[in-house]
Amino acid sequence: MMDEMTALLGAIGTAVFLIFVVMAMQFESPKFSLMVMFTIPFSLIGAFGLLFIARCKINMVSMLGFLMMIGTVVNNGILYVDTVNQLRGELGLQKALVEGGAIRMRPIMMTTLTTVLSMIPLAVGYGKSGATLQGLALVNVGGLIASTVLALILLPTLYGMVDKTGKKHFDVENFED
């Protein structure tokens, strides 16, 4: 059992690394990838919280839920960051952050709600396989809810902070000898 858990933790680590690499290539910048990866700790808060509330133990099935959840939660961050990056060419930073949230709020909420609602029967243990897959569903429901709420609030703040930090160091007009 310990060997399987160790192998699954290795798979989760590999998945996080591969997601980061693919996003870094797509965004052509590791800083945007790191912003999107910042949504993963948000999801862990909700996943562990819901497992604790439901008094469900961490087992192989819930670990598979973590692997599945990591791939799902980064989608919200990708949608938001990509939209803001596209809008920055037309608008300033502040307007791009607000407009990006307004444009992507509905798709993010719809994808999260459909996934959460479809997992609720398993999360409450309904059906023959409900008790077996309850940990997987609880991890995904808790992780998606927490990640969505926190990402919509904190990603714009993080984006603004990272953008301002980069400007201070690389602004040519304020460069002094």
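Worth pointing out:
- Checked against (1) more than 28 Å from Leu133 (Cα to Cα); (2) surrounded by 14 or more Cβ atoms within 10 Å (Cβ to Cβ); (3) among the β-branched types (Val, Ile, Thr), Val21 passes all but a single condition, namely (2).
- Test: residue in region 53-71 that is buried (at least 16 other Cβ atoms within 10 Å of the Cβ) and of a type in the set (Phe, Trp, Tyr): yes
- All conditions but one from (1) touching a residue at least 24 places away in the same chain (Cβ under 8 Å); (2) closer than 26 Å to Leu152 by Cβ apply to Leu9; the one that does not is (2).
- Qualifying residue in region 26-40 (condition: under 23 Å from Ala123 (Cβ atoms) and touching a residue at least 12 places away in the same chain (Cβ under 8 Å)): yes
- No other residue among Ile58, Ile40 is of a type outside the set (S, T, N, Q) and not in a helix (DSSP H, G or I) apart from Ile58.
- When residues in region 35-52 are screened for being within 11 Å of the chain's Cα centre (by Cα) and loosely packed, with under 15 Cβ neighbours inside 10 Å, 1 of them pass.
- Residue within region 98-117 that is modelled with pLDDT of 85 or more, surrounded by fewer than 16 Cβ atoms within 10 Å (Cβ to Cβ) and over 25 Å from Met35 (Cβ atoms) present: yes
- Meets criteria (aliphatic (A, V, I, L, M) and either outside any helix (DSSP H, G or I) or buried (at least 16 other Cβ atoms within 10 Å of the Cβ) (or both)) for Leu122: yes
The values are calculated or read from the model by the stated rules, or taken from the named source; none is laboratory data. Model, not experiment: these values are computed from the prediction. Note: ideal-geometry Cβ built from the backbone for every residue, glycine included; neighbour counts use all protein chains shown.
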